[in-house]
Amino acid sequence: MREFDYRRAPDVTGAVALLAADPDARFLGGGTNLVDLMKAGVERPALLVDVRELPLDRIEPADDGGLRIGATVTNSDLAAHPEVRRRYPALTQAVLAGASGQLRNMATVGGNLLQRTRCGYFTDVAGPCNKRVPGSGCPAVGGEHHNHAVLGASDHCVAVHPSDMGVALTAFDAVVSYETVDGPGELPLADFYLPVGDTPHRETALPPGALITGVTLPPAPVAAHSRYRKVRERASYAFAIGSVAAALDVRDGVVREARLALGAVASRPWRARAAEAVLTGAPASGDTFAAAADAELAAARPLPDNGYKVTLMRNLVVAVLTELAEEAAR
Amino acid sequence: MTTATTGRTTVKGAVGTAHTRVEGRDKVTGAARYAGEIPFADLAHGWLVLSTVARGRIRSVETGPVLDMPGVLTVLHHGNAPRLTTDYVGMLGIPDPTAALFQHDRVPHVGWPVALVVAETPEQAREAAEALVVTYEREPHDTALVAAHPDAYAADGHMPAVTEKGDLEAELAASAHVVDAEYTTPEEHHSMMEPHAATARWDGGRLEIVDSNQGASWVQSELAKLFSLDESAVRVRSEHVGGGFGSKGVRAHQVSAAMAATTLQRPVRVVLTRRQMFSLTGYRSPTVQRVRLGADPDGRLRALEHRSLNQTSTVYEFVEPSAGVARVMYDADAHRTANHVVRLDVPSPTWMRAPGEAPGSFALEAALDELAERCGVDPIDLRLRNEPETGPVSGLPFAGRNLAACFREGARRFGWADRDPRPGLRRDGRWLLGTGTAAASFFAGAGPSTALVTAEADGGFTVRIAAADIGTGARTALTLVAADALEVTPERVRVRIGDSDFGPAMIAGGSMGTRSWAWAVTAAARELRERLALGTDIPPEGITVRSDTTEALGALAQKERHSYGAQFAEVAVDTATGEVRVRRMLGIFAAGTIVNPLTARNQLVGGMTWGISMALHEEAVRDRNTGGHYGPDLAGYHVATHADVPLVEADWVEDHDPDDPVGIKGVGEIGIVGAAAAIANAVWHATGVRHRSLPIRPDRVLSAGTGASRA
């Protein structure tokens, strides 16, 4: 483990300036992932710029009626916020489905979006990994991959994104705000994560040295009728093997609006737009839900040991949408 | 000078009464120090470097650049490390060469120790260790345990490899019902909270080791042999231990610390990381087991065959004796059991909570459930119909076999009588519900031990014994045992353990610790009480009596001595997602005298929780290409969380053997035995699908679907 310097950022401008001055610097939020990666030797920063004390810890109404969530809001505070619980219940459920109470007290919203894959090859510095060492190879394709990607992956990398929170944010069209030395910027979460292709080491579209300052949720009445369900290999404190964030607006037995995002199936939270297209305007029935799931999963390319994920995600989508439709009918 | 007698006032027996841990306050306030946190002046820190290849030779250890790094004191490796003696037979057999560090250039598995970097701080040692370049000559490796491995052979371990009687094929052919199935269990790791840690230093001509282990005098003896020292020149202390489960014997941490302390002539500490523990501290081998049962129409067994195969390393033969269970549990006219091993390019496995019984009972008790289904006999009735009169293999009488009482009490409390045996019928929302049961047994043995009991001048009593409290509550149990033997209240007894200077004693293992130590403590305490009864004056240094149970153990009548249990589980299965949740468990045990109900229940519930973990979660994954582990940490290796552990109840029935001089049987291991089978049997009852490979992961449940048995 490399020796490193530690600086507490005085303000946002100072934080991005510190990072810009040192190519080996990293922002430190809750440290729940970065510190682990430093211990494993995956990350070897020379300088940690602690941004957790920055005044980015508010959840406030946005001008358009949405919600603006500061980057250093802890996962615990996000999940507990009354407006989040009322207007975006799947987001609260997603956050609470992740990690443990202690970790959620430390972890930040910005850090959650930037956490790295838990692929065991990525964290094993003794072996190859295209994400960690570009061009070194991907041992997962011919090795252990029962919890790897079935959508949007490539021969170069089949790792999945571990975030639960990100799945719900993706379903709700969240927009990421950031600051750089050249000024602020915004990225819709849909464009935030880059396609895997042959560059799995390039994970986000953030400019180099950018600091996430917040996430904005646009107003979405449909989100009030939403749900997150996560399947994992034990009841708590495990990453998903499949998860669904869904919102459904059903009137007179017809789906007026649907939001659907899938977790643990791809290198990013997976917005299921093909499924949403099938759902919108269709009868709120099991057949519709199955057809929607099939439309999305038609693109699935499972490996020898993760084909179950296609079945799992189909069942999970149908189950969650059915529950939401039944609630709407009550 | 005072005169003390233990007095004739009637003291209510302490044994059998719930008592909180005598060191509990120290533990929860942090006053109790563990091996890795005891301060030493001038302490240096060692960090192990492990091999990254699965088989081959070390070509070079490029120490030069590392020795120039800040704080680095030395780098030990096969080219410069002290020579060790390994051709000896210790208390538990020949030593596992995994602990005989740096003696040659061969690499037998990924994670084999190849060097120790010692520096002024742990951070410096770690950074230098991670920078050390070691080059290898690689050779092709084989790390895959498969049923028909051509190199498998029958192996004894601590019991005969093969037992057989009768004509198996003939009895199977004559049977009305036959079960023939293969069961597999994965590689499992002890995963105790406290990692292995040791500090070694030379003090006045003695090598002193402050360690976390399961037997101070055992580790002392092994280290003395390895380093060719007189036993009196080695002192091992291990006061508080954060879990062991079979893994905390002589390991790379003590040996490397002792080497470095010798080389540098200053105290050296070595602490293992969780990842290092996966290859250096043993594990439960995966098993491939085949069970064949043949029965009459009413379920009486005519034929029983249980074969097991486990892996071991190329440097050490360890047998996971899974087929041994049937030698105690069930008889048949034709009865065959066999344990096989195959040597692979993997780390050495070792004892892990209920070695043999844990995986063996999964296969055998699941097969019996399948037989009950075939015969249309209730699973409990099937077992009771097959209760043997004498040891099925030994022919020896049973020293108390209260399995039937466990099943009767368990069935009553669990509500078994109302159970519809048909699978796949009960539903609660998205969950299918089912119940299952299984039997349990574990050997109740003892090992020779010595104890010192002192009547102090202030009226108190001090017990000294090289026992180990690895979280079991042993220190408290021995306090109660000593109090009763001395006929005083527990408050007057102080028990000191975990120091090899107290003399040889049994390890905390095999569920034999408390039985063995209580025997020695009782013997010394009784003799002391008799002496004091004469009204002797107590000098300032006190009066000390020493006991040694070696002879008494040898005089024990040959019998089948075991604890027993009946396990019950209710599970919920969502076949759409593959999730399995245990809803409740009940275990009723016959485990002799229960010394401290509080900590005994804790141990039994802990064992049953291990059973949940074994059934549903635990599985160390090995990459077939590198031969190393995939995700070897507590995020990748899943043990049950609180949310996985619902209402787990453990209780016991009266279990008294008047011929047993101690009466204690031990409760450390029986709790896990049969637990995974009860859960797997309940999953069948819920879904109609037999899951014969552990853990019962969501993907396996999902792929298996519902309905017809895949038998």
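Short-range pairs are left out: with C-alpha atoms under 8 Å and at least six residues apart, the relative contact order of the range A:223-329 is 26 percent.
If you take the Cα atoms of the range B:652-711, find Rg, then find the Kirkwood Rh from the mean of 1/r over all pairs, what is Rg/Rh? Taking Rg over the Kirkwood Rh, I get 1.26. Sorted from longest to shortest, the spans of the Cα atoms of the range B:353-396 along the three principal axes equal 30, 26, 13 Å. Sorted largest first, the spans of the alpha carbon positions of the range A:223-329 along the three principal axes are 41, 29, 21 Å. Classification of the range B:241-371 by its C-alpha gyration tensor yields a prolate form. The axis ratio a/c (a ≥ b ≥ c) is 1.5 or more, and a/b outweighs b/c. Along chain A, counting only GluC sites (Glu not before Pro) with a DSSP assignment other than H, G, I, E or B and at most 15 other Cβ atoms inside a 10 Å radius, the longest segment between sites is A:54-330. Residues whose amide H falls under 5 Å from that of A:T213, counting only those 5 or more places apart or on a different chain, are A:S177, A:Y178, A:E179, with hydrogens built in the peptide plane. In summary, the convex hull built on the alpha carbon positions of the range B:309-420 has an orientation-averaged projected area of 9.0 nm². Comparing mean-square fluctuations of A:V254, A:V196, A:V175 from a GNM of chain A with C-alpha springs under 10 Å, the top value falls on A:V254. Counting only residues at least eight positions apart within a chain, or on another chain, the lysines with an alpha carbon under 30 Å from that of B:K225 are B:K248. Counting every C-alpha pair in the range B:527-681, the share spaced more than 28 angstrom apart comes to 46%. Taking θ as phi - 60° and the Karplus parameters 6.51, -1.76 and 1.60, the scalar couplings of the range B:595-608 work out to 5, 9, x, 5, 7, 5, 4, 4, 5, 5, 5, x, x, 5 Hz in sequence order, x denoting glycine and proline. Using C-alpha pairs under 8 Å with a sequence gap of at least 6, the mean separation divided by the residue count of chain A gives a relative contact order of 17 percent.
Between the amide H of B:G424 and those of B:A686, B:T687, B:G688, distances stay under 5 Å, these residues lying 5 or more places away or on another chain, with hydrogens modeled in the peptide plane. Diffusion of the range B:266-329 by Stokes-Einstein, at 10 °C in a medium of 1.306 mPa s and with Rh set to the Kirkwood radius over alpha-carbon pairs, works out to 103 µm²/s. Scanning residues 5 or more positions from B:A44 or on other chains, those with amide H under 5 Å from its amide H are B:V268, B:R269, with H placed 1.01 Å from N in the peptide plane. For the range B:615-702, applying the loop criterion from DSSP together with a ceiling of 15 other beta carbons within 10 Å to the trypsin sites (Lys or Arg not before Pro) yields B:R624. Using just its DSSP H runs of length 4 or more, each adding -39500 (n - 2.57), chain B gives a mean residue ellipticity at 222 nm of -7500 deg cm²/dmol after division by all residues. At q = 0.12, 0.18, 0.25 Å⁻¹, what is the log10 ratio I(q)/I(0) for the range A:84-138, with the Debye formula run over Cα points and no solvent? Taken in order of the listed q values, log10 I(q)/I(0) reads -0.45, -0.74, -0.97.
The alpha carbon convex hull volume per residue for the range A:5-50 rounds to 60 Å³.
For the options A:H225, A:H156, A:H81, a Gaussian network treatment of chain A with springs between C-alpha atoms closer than 10 Å singles out A:H81 as fluctuating the most. Both numbers refer to the Cα atoms of the range B:38-355; Rg and Dmax are 22.7, 77 Å.
Within a straight-line Cα-Cα reach of under 25 Å, A:K309 can be paired with the following lysines, leaving aside sequence neighbours fewer than 8 residues apart in one chain: A:K131, A:K230.
When the P(r) of chain B is calculated, the portion above 40 Å amounts to 34% of the C-alpha pairs.
Taken over the range B:437-548, the alpha-carbon convex hull comes to 109 cubic angstrom per residue.
The HN-Hα couplings worked out from phi for the range A:272-278 by the Karplus form 6.51 cos²θ - 1.76 cosθ + 1.60 (θ = phi - 60°) are 9, 6, 4, 5, 4, 5, 5 Hz, whole numbers, x standing for Gly and Pro. Stokes-Einstein diffusion for chain A, with the hydrodynamic radius set to the Kirkwood value over Cα pairs and evaluated at 20 °C in a medium of 1.002 mPa s, equals 106 µm²/s. Each residue of the range A:144-152 was assigned a 3J(HN,Hα) from its phi angle through the Karplus expression (A = 6.51, B = -1.76, C = 1.60, θ = phi - 60°), giving 7, 8, 5, 10, 9, 6, 10, 10, x Hz with x at Gly and Pro. Based on alpha-carbon atoms, the Kirkwood radius and the radius of gyration of the range B:355-509 give Rg/Rh equal to 1.15. Per the Kirkwood formula applied to alpha carbons, the protein assembly as shown shows a radius of gyration over Rh ratio, Rg over Rh, of 0.99. The charge dipole of chain B, taken about the Cα centre with unit charges on the Cβ atoms of Lys, Arg (+1) and Asp, Glu (-1), comes to about 760 debye, rounded to the nearest 20. Legend: mean number of C-beta atoms from other chains within 10 angstrom of residue C-beta atoms, peptide A:238-244, equals 3. The convex hull of the Cα atoms of the range A:52-201, projected and averaged over all directions, covers 10.5 nm². Counting 0.36 nm for each residue step from B:W202 to B:E37 and taking away their Cα separation leaves a gain of 57.5 nm.
Between A:R234, A:R118, A:R87, the GNM of chain A built on Cα springs shorter than 10 angstrom shows A:R234 fluctuating the most. Considering the zone a paramagnetic label at B:R59 would reach in this model (a point 7 Å from Cα along the Cα-to-Cβ line), which residues of the range B:72-91 have amide N under 18 Å from it? The answer is B:78-79.
Every number in this text was worked out from the coordinates using simple rules, so none of it is lab data. The model shown is predicted, which means the values in this text are computed figures rather than measured ones. Positions of Cβ are generated from backbone atoms using ideal geometry, with glycine treated the same way; all protein chains shown enter the neighbour counts.
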